[in-house]
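Scroll down for the structure; my scribbles are underneath it.
Laboratory data are not the source of any read-out in this text; all were calculated from the coordinates shown. What you are looking at is a predicted structure, and each value in this text was computed from that prediction instead of being measured. Every residue, glycine as well, gets a Cβ built from its backbone with ideal geometry; the counts of neighbours run over all protein chains shown.
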Amino acid sequence: MPMRWRSAAARLGFGLIVIAVLAAAITTRPAKRLIDFDQTFYLAIAYDLVHHGVFSNGIFDAVDGTRAAPPPGMFFAPLYPWAVAAVTAVDPRFARALDCAVEANEKHRDLSTCEIYATPMLLLHALLLAIGVIAIGRAGEIATGEPRVLYAAGAIATAGFAAEAELFSYVMTESLSVAGFSLFGLALVAALARWRTATFALCGLALGLACLTRPTYLILAPVTLMIVAVVGRWFSGPERRPFFRPAATLCAALAVMLAPWLARNAVSVGKLGFTEEYGSVAVIERFAFNDMTLREYVWAFPACVPLVGPAVVARLAGPDAIARFAWDSPGSFFERGRARRNALVAEHGRLDPIMGALTREELARDGWRHLATSVPLAWCGLWVGGAFSLLVLPLAAAGLVRAARRGRPLVIAYAVPALLLVGVHGLLANHYPRYNLGLVGPMAVAAAWLVMDAAARRTGARPAR
């Protein structure tokens with residue numbers, strides 16, 4: 001019992017240190033106006049929740065929520081706007097700052113009169129990321145069988161999230177989606193390690209929680225079932241593990257998590273679905289990258305390598321070699337994609353009804369280009385945390401190779417969802433690493449296990465299991 005208490009105390013202390021480090025990293029970033037970047041996507045919905053009791057589409061509907069109640073919407077996943085609305089109930093100062101920013105964004109007041117204040121949200125971000133860190137460390141511990149990996153992987157993950165502190169200092173959904181994805185990763189590893197009905201139920205619930213933070217995670221439902229089937233068939237010892245009962249349990253738990261949101265959409269919006277327009281907007285903006293030239297294609301690979309890449313490419317190919325990859329560059333892919341999306345909205349009103357025909361036409365004309373350009377986009381999306389990835393990504397890759405050679409299937413299974421999403425974002429979204437923050441967990445676990453295993457072998461100690 002004393003050993004267990006010491007272990008629990010050590011883990012609690014580690015968690016408190018992680019929270020303190022991340023809170024310091026995030027809150028010391030320069031303050032942002034609440035209308036900067038994509039913050040208004042979520043703040044406008046939170047405003048409508050607070051003032052009208054309506055989960056709307058925010059800035060993506062035709063009604064000014066500061067003047068009238070907007071119609072119900074389902075463009076975004078629900079959890080983050082609800083979290084923002086909940087914080088306004090706790091901190092009136094933040095509520096006033098949010099109201100002022102949303103009203104200024106609608107041109108009803110002067111933005112200079114609005115206080116720049118988001119401290120409670122930034123502290124919540126630190127807490128959510130710390131939950132993600134502990135989930136990552138615990139997943140590493142289960143996947144490797146080595147308790148020390150919890151601290152090593154947790155420390156690496158903390159460094160990775162601290163490297164993205166600038167992003168987390170915006171009132172946007174990334175911290176919540178990271179926490180949800182990390183909890184799903186932990187639940188998946190625990191289910192595969194223990195193969196109990198209860199752990200598969202938790203895995204389904206965790207996946208549902210992640211989906212309610214970012215609709216893209218819905219893609220992971222069939223992928224998770226494939227992972228369960230493969231691990232149970234080939235990597236669970238001499239006897240095959242049963243598949244259908246765990247799979248059914250996982251699916252049932254996922255359905256339980258998603259059913260309330262789906263039912264709400266069917267009743268309030270009149271559409272039985274998880275989201276609307278969200279995927280269409282992303283894909284239409286992604287099509288703009290199919291116009292990539294061969295020169296841009298080639299130089300994108302070295303240019304996306306953090307620290308050294310941009311300077312080398314600028315020197316060898318000139319500053320305009322990949323200028324169109326920058327979202328704020330004149331004539332950028334982002335600008336062209338958004339202009340086309342706005343034009344289609346102006347012409348058709350809604351995008352979902354025309355997406356089938358539009359996608360078939362695009363792929364019939366440029367299908368091979370779409371697949372080809374997805375490669376540099378996925379490559380660029382790998383480099384989460386900039387310099388952090390420059391150091392950790394090669395270690396993680398080597399760690400995954402060693403895990404394959406040493407028969408550590410859970411380390412690989414843990415990485416599959418995040419790696420798959422890198423490819424999905426290359427195909428359907430863009431090259432920004434902010435969409436691939438889920439890589440931090442698998443990178444941290446694989447790198448930590450590699451280093452600890454190599455150190456143990458060098459010193460002749462017991463290798464990491």
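Some observations on this one:
- Theoretical FRET efficiency, 1/(1+(r/R0)^6), r = Cβ-Cβ of Asp291 and Val256, R0 41 Å, to 0.05: 0.40
- FRET efficiency for Val375 and Ala311, using Cβ-Cβ distance with R0 set to 25 Å, rounded to 0.05: 0.60
- Average Cα contact separation per residue, the chain, under 8 Å, 6 or more apart, as relative contact order %: 16
- Against the rule of thumb 2.2 N^0.38 Å, how large the Cα Rg of the range 252-291 comes out: 1.61
- Normalised alpha carbon radius of gyration of the chain [divisor 2.2 N^0.38 Å]: 1.00
- Debye intensity ratio in log₁₀ form over the Cα atoms of the range 18-69, taken at each q of 0.20, 0.23, 0.28, 0.32 Å⁻¹: -0.72, -0.80, -1.00, -1.18
- Length-normalised contact order of the range 1-66 in % [C-alpha pairs under 8 Å, at least 6 apart]: 19
- Counting all C-alpha pairs of the range 220-351, share separated by more than 20 Å (%): 68
- Helix 387-406 axis, angle to the chain major axis (alpha carbon atoms, nearest 10°): 40
- Square roots of 5 times each gyration tensor eigenvalue, C-alpha, the range 31-117, largest first, Å: 18, 15, 12
- Cα extents of the range 375-421 along the three principal axes, largest first (Å): 30, 21, 15
- Across the range 31-117, the relative contact order, built from alpha-carbon pairs under 8 Å that are at least six residues apart, equals 30 percent.
- Spin-label zone in the range 25-44 - amide nitrogen under 16 Å from a point set 7 Å from the Cα of Glu166 along the C-beta vector: 25-33, 36-38
- Rounded to the nearest angstrom and listed largest first, the equivalent-ellipsoid semi-axes of the range 136-274 from its Cα gyration tensor are 26, 25, 10.
- Distance from the Cα centroid of the range 228-261 to that of the range 94-126 is 44 Å (rounded to whole angstrom).
- Spatial separation of Cα centroids for the range 1-78 and the range 308-324, in angstrom: 36
- Where Rh is the Kirkwood radius over Cα pairs, Rg/Rh for the range 380-465: 1.04
- When peptides 405-412, 256-263 are ranked by their average number of other Cβ atoms within 10 Å per residue, the highest-first order is 405-412, 256-263.
- Here the spin labels are modelled as points 7 Å beyond Cα on the Cα-Cβ line, and at Leu272 and Ala69 they lie 2.6 nm apart.
- Label zone (Lys107, point 7 Å along Cα-to-C-beta; backbone nitrogen cut-off 14 Å) within the range 313-345: none.
- Here the label points at Phe235 and Leu420, each 7 Å from Cα along the C-beta direction, are separated by 1.3 nm in the simple model.
- Helix 39-52 axis, angle to the chain major axis (alpha carbon atoms, nearest 10°): 70
- Descending by average beta-carbon neighbour count within 10 Å, the peptides 174-180, 59-65 line up as 174-180, 59-65, the highest first.
- Between His51 and Leu363, the contour length at 0.36 nm per residue exceeds the Cα-Cα span by 108.0 nm.
- Model label sites at Ala455 and Ala86, defined 7 Å from Cα along the beta-carbon direction, differ in position by 3.7 nm.
- For the chain, cysteines whose Cβ has no other cysteine Cβ within reach (under 4.7 Å): Cys203, Cys211, Cys251
- Considering every alpha-carbon pair of the range 65-210, the percent of pairs per 10 Å bin, from zero through the bin containing the longest distance, is 11, 30, 30, 18, 9, 2.
- Hydrodynamic radius of the range 1-158 by the Kirkwood approach over all distinct alpha-carbon pairs: 17.7 Å.
- Once the Cα atoms are used to define both axes, helix 174-194 deviates from the longest principal axis of the chain by about 30 degrees.
- In terms of packing, defined here as the mean over residues of other Cβ atoms within 10 angstrom, the peptides 125-135, 10-20 line up highest first as 125-135, 10-20.
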